[in-house]
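**Q** Below is the structure I would like to discuss, written out as structure tokens.
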């Protein structure tokens, strides 16, 4: 009888252990799924927040010191979509407002990179390119790859799609 009780207790403990492992597995899988979702949501990522703050500081510093030819990354909201520049190298143009309040003209070469076709006022756009100072806030260009390999590649990111 004693062995039967031990067997019964062992089976119950084994079932409890399996249930704990099963629940732990579900928690881990759910956590990984949530992490993957958050990593693909630019506004929600801790890394992007740190990146944006560094970019904001660099942009403000470059503007205040009237610097140009500075590689800078950051993010902002589209405040105005401008007509494409069709003279010479074609550029998609729009104005971004970054969290510091600074406004930037983005001049994205659409002869070398795809155009953001669904760009609208209020959209969030991340960028990495070359900053050129002007009194209105500055211009970001070189937001594309360099086919000659002489300049650091830039990019734009809109709704999870990278344009370079």
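**Q** Express in nm, to one decimal, how much length is gained between residue 61 and residue 87 on full extension, taking 0.36 nm for each residue of separation and deducting their alpha carbon distance.
**A** Numbers: separation 26, 0.36 × 26 = 9.36 nm, distance 3.16 nm.
Between residue 61 and residue 87, full extension yields 6.2 nm more.
**Q** Could you work out how much longer the chain between residue 152 and residue 18 gets when fully extended? Use 0.36 nm per residue separation minus the Cα distance between them, nm to one decimal.
**A** Working: separation 134, 0.36 × 134 = 48.24 nm, distance 5.38 nm.
Result for the pair: 42.9 nm of gain on full extension.
**Q** Shifting gears a bit: Calculate the all-directions average of the projected area of segment 42-163's alpha-carbon convex hull, and give it in nm².
**A** Convex hull of Cα atoms, orientation-averaged projection: 7.3 nm².
The numbers here are math on the coordinates, done by the rules we state, and not lab data. All values derive from a computational prediction rather than experimental measurement.
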